[in-house]
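Asks: Can you read through this structure? Questions will come right after.
Derivation of every value follows stated rules applied to the coordinates shown; laboratory data play no part. The structure presented is a predicted model; accordingly, all values stated were derived computationally and were not measured. Reconstructed Cβ throughout: ideal geometry from the backbone, glycine too, with neighbour counts over all protein chains shown.
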Amino acid sequence: MLRLHNTLTRTIEPIRPLAPGTVSMYSCGPTVYRPVHIGNLRSFLLGDLIRRALAWTGLSVRQVMNITDVGHMTDEIYDRGEDKMLLAAADEGLSPEEIAAKYEAAFHRDAGRLGIIPAEVYPRASAHIAEMIDLIGRLLDRGHAYVDAGTVYYDVTTFPDYGRLSRNSLDQLRAGHRLAAVDHHKRHPADFILWKAAGPRRVVRFDSPWGEGYPGWHIECSAMSIAYLGERFDVHTGGVDLAFPHHEDEIAQSEGALGHPVVSMWVHGDHLLFSGQKMAKSSGNVWTLDRLEEEGHHPLDFRYLCLTSRYRRQLRFSPDATGATRPARRRARRPRSGTCASATLSSTTSTSPGPSRWCGAWSATRRSQGPNGERCCGTGTGCSASASTPPPAPPRTRSCRPGRPSCSRPATRPGPGATGPRATGCGTPSTNWASRCPIPGRARPGAAGARAAARCGTGR
């Protein structure tokens, strides 16, 4: 049973699926206004690793990852600034729809190069406005939200558990610690936007009962996770920087609208650091997979680098550290002796089939084994798709001396006075060096030779 750290309870807990045999998982996906960088990809790898580990234990996984193409503001904490999608559209001279299509395709390409198993569904925020409006209506009906000049705010004082995930309190989230961020339309400084009234120059806008506008960033994940996974699901993953305010607000929205807990376990991965700082587009210290390849690194070198650190610890990235993983990554991917030559990769683990490799891409959903117990990707000649126990291991062998023939070592050492080749513990006397099995004319002199002779039962 897989055990993970639940950010909500601060404890290590086993994943217990609500539906027998199937784990439902929601992963926060990219905002498609720029290429994703490798810091983003480390967060997406967390969901992939959990999925593979669960599949190894025999569980199936239904994963949903959202695509944010509207409503993500440049100031994520206070829902202020400009919409990132609109800024990118203006910079590149494209429409917001063209920007979203361009960078969503780039995201899927990068995820495939990194060996990330695709989610079952990638819902776009702009295609689920009706679900968001419905959820906001529920919050208004239950007294958790209020409308001011066409903008709908969530009233955090109506949700007693607000701050439980991030360990914040409403007293800590007071006004004045950042004066430029104070919104005088809010009843409490920590209130956040569910629906924003569109200004006169707003390009992307949607009709709603409160006038034309667009959804807040946080309501998107609540609406889409419930739409695809139901009112209760097992695991929610994301980067540690999303714990507040995004996931904190998501809990308040979902539980406020439904009246009960929705997510069983919250799992967060820590930052990727470069030059001592969190890698972020706003900081300008980003590396993409394209840049890594230009520097001569394989994308899977970075995947291997991520595996060298716990997911809840910060990982320091450098090109040299990535390059240092290459020999180990190549050894891990090298076909082992007896690997099924005709086996092909499972379609659930790779976007393109290829020869069988003993590697991170082998199918976690098919624990198949080759004739010598090695793991095989998918199925093929010599592989059993349902081998529950490996075949008998070959005899243990070792070399008596570098460059000498190998020898079979019996399970138990022969007792005193035993004779014959099997008594040597190292093959036949004619194939071994003198200290183990003395050959006439080559026995070691003195006590060493006598001890060697006693081992071989020769009496010499």
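Asks: Fewest first, what order do Asp191, Asp148 take by the number of other Cβ atoms within 10 Å?
Replies: So the residues, fewest neighbours to most, are Asp148, Asp191.
Asks: Please figure out what share of the DSSP beta bridges in the range 3-269 is antiparallel and state it in percent, rounded to the nearest 5.
Replies: That works out to approximately 50 percent antiparallel.
Asks: Still on this structure, I have one more. Counting only the backbone N, which residues of the range 251-276 are under 18 Å from the spot 7 Å out from the Cα of Arg16 toward its beta-carbon?
Replies: 261-267
Asks: Check Gly29: other-chain or 5+ apart residues with amide H under 5 Å from its amide H, H built from backbone geometry?
Replies: Asn66
Asks: Which order do peptides 317-323, 35-41 fall in by mean Cβ count within 10 Å, highest first?
Replies: Peptide ranking by packing, descending: 35-41, 317-323.
Asks: Over the range 3-269, what relative contact order in percent results from Cα pairs under 8 Å that are six or more residues apart?
Replies: RCO, the range 3-269: 25 percent.
Asks: Using θ = phi - 60° and the Karplus form 6.51 cos²θ - 1.76 cosθ + 1.60, what ³J(HN,Hα) does each residue of the range 200-212 get, whole Hz, x for Gly and Pro?
Replies: x, 9, 5, 7, 9, 8, 9, 6, 7, x, 10, x, 5
Asks: What's the ranking of 88-96, 248-256 by average number of surrounding C-beta atoms within 10 Å, highest first?
Replies: Going from most to least packed, we get 248-256, 88-96.
Asks: Find the eigenvalues of the gyration tensor of the Cα atoms of the range 191-347, then list the square roots of 5 times those eigenvalues as equivalent ellipsoid semi-axes, largest first, in whole angstrom.
Replies: 39, 22, 17
Asks: Could you list which residues have their amide H under 5 Å from that of Asp148, counting only those 5 or more apart in sequence or on another chain, with H placed in the peptide plane?
Replies: HN-HN under 5 Å from Asp148: Tyr153.
Asks: Too long at a 27 Å Cα-Cα cut-off: which of Lys84/Lys186; Lys102/Lys281; Lys186/Lys281; Lys102/Lys186?
Replies: Those over the limit are Lys186/Lys281; Lys102/Lys186.
Asks: Follow-up. Could you order peptides 156-167, 108-119, 7-18 by the average number of other Cβ atoms within 10 Å of their residues, highest first?
Replies: Averaged packing, sorted descending, gives the order 108-119, 156-167, 7-18.
Asks: Using 5 Å bins from zero, what percent of all Cα-Cα pairs in the range 3-269 falls into each bin?
Replies: With 5 Å bins starting at 0, P(r) equals 1, 6, 13, 17, 19, 17, 14, 8, 4, 1, 0.
Asks: With just the Cα atoms of the range 1-117, tell me how far they stretch along each of the three principal axes, in Å, largest first.
Replies: 50, 33, 24
Asks: For Asp171 and Thr57, what is the calculated FRET efficiency with R₀ set at 45 Å and r taken between the beta-carbons, to the nearest 0.05?
Replies: With R0 = 45 Å, the Cβ-Cβ based efficiency is 0.55.
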